[in-house]
Amino acid sequence: MWNENLKAQFQSLAPGCPEGELSRRDFVRTALGVGFAVAAGPVTAQTVVQTPADGLLAAEVQIDSGGQKIPVYRAQPKGRSDLPVVLVVSEIFGVHEYIADVARRFAHQGYLALAPDLFVRQGDPMAYGSIAEVMSKVISKVPDAQVLQDLDACRNWALANGGRVGHVGITGFCWGGRFVWLYCAHAPVQAGVAWYGRLVGTPSELSPRNPVDIAKELKAPVLGLYGGKDQGITQESVEQMRKALAAGSAAARASEIVVYPDAGHGFHADYRPSYNAKDAQDGWNRALAWLHRHQVAAANAPPRT
């Protein structure tokens, strides 16, 4: 079901393209595992970050969530426990190699990183040929409550499998960035980092509230990282969110939003033409520092770039 929320997200992902015309394969141009850089195309292959799994335990685990087994990409330092935890929430394309690589980057920083497949009940986004199909046949059918439940299951699994209680953070990109805001109002985590997640929208049965609606209820401070040239997330909505945060809880007032004037949507996604290396690196540094400031970091370890 195509609605205004999906239309706004499509405009962020594919500025200037008529709805449904951009092929998902042209947009993502990748597959899991070996050959990712080549599959990403001759231009974006030069920018793809490839983080090795050396010294890491990096593999899929199955986590139960309400009777449903959720595939989750887990990355953490080998032979270590009592680790800070970070949940990594994907874009609409699911847990492909870029998201797995982000998890490995966190693992090399001393984290237990979990990237769950939050679409497992609705279908595989990579099975469709266009972004419009992904949105209408998969994303539009995913209830917010289901996502929050699955993230709860991942948090609980992490704390029972080497994670440190009271040292849990969450980060997410695009679709996942929206859920960072929602989850930080829902669960007892310590901090969140939202990369260009949608802030406003039309309420629906499956998505009854948006970040601007729950800003005042935040339980953990969120760092929002946004692009000034994002055609789907307007600067008006960013300012609306800033005002809502200023009038909210202590965690809301402690939250920050950074706008990169020259960046568009997806500026951290190194496999896409939208990638902005300078702003992506600055955002990554800020994300690590934010988590560290809010007690989500390896013991006695300063944030590293």
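The values are calculated or read from the model by the stated rules, or taken from the named source; none is laboratory data. These numbers were taken from a predicted model, which means no experiment stands behind them. For neighbour counting, all protein chains shown are included, and Cβ atoms are generated from backbone atoms with ideal geometry for every residue, glycine included. The protein model used for the area step is the full one, side chains on, heavy atoms only, and it has no ligands, DNA or RNA in it. Shrake-Rupley method; radii C 1.70, N 1.55, O 1.52, S 1.80 Å.
Brief remarks follow.
- Close pairs from the range 280-305: first at pLDDT 95 or above, partner in a loop (DSSP other than H, G, I, E, B) and open to solvent by 20 Å² or more (accessible area, probe 1.4 Å), Cβ under 6 Å, at least 6 apart: Asn285/Thr305; Leu288/Pro303; Ala289/Pro303; His292/Pro303; His294/Gln190
- Residues of the range 179-195 that are in contact with a strand residue (DSSP E or B) (Cβ under 7 Å, 6 or more places away or on another chain) and in a helix (DSSP H, G or I): Phe179, Val180, Trp181, Tyr183, Cys184.
- Residues that are open to solvent by 30 Å² or more (accessible area, probe 1.4 Å) and touching a helix residue (DSSP H, G or I) at 6+ places or on another chain (Cβ under 9 Å) were ranked within the range 92-108; the one that is farthest from Val61 (Cα to Cα) is Arg105.
- Flag if Val72 is modelled with pLDDT of 90 or more and farther than 17 Å from Ile139 by Cβ: yes
- All positions within the range 76-111 that are of a type in the set (A, V, I, L, M), over 12 Å from the mean Cα position of the chain (by Cα) and either farther than 13 Å from Leu291 by Cβ or at pLDDT below 95 (or both): Ala107
- Picking from residues in the range 115-141 that are in contact with a Leu (Cβ under 9 Å, 6 or more places away or on another chain) and hydroxyl-bearing (Ser, Thr, Tyr), the one that is nearest to Val72 (Cα to Cα) is Ser140.
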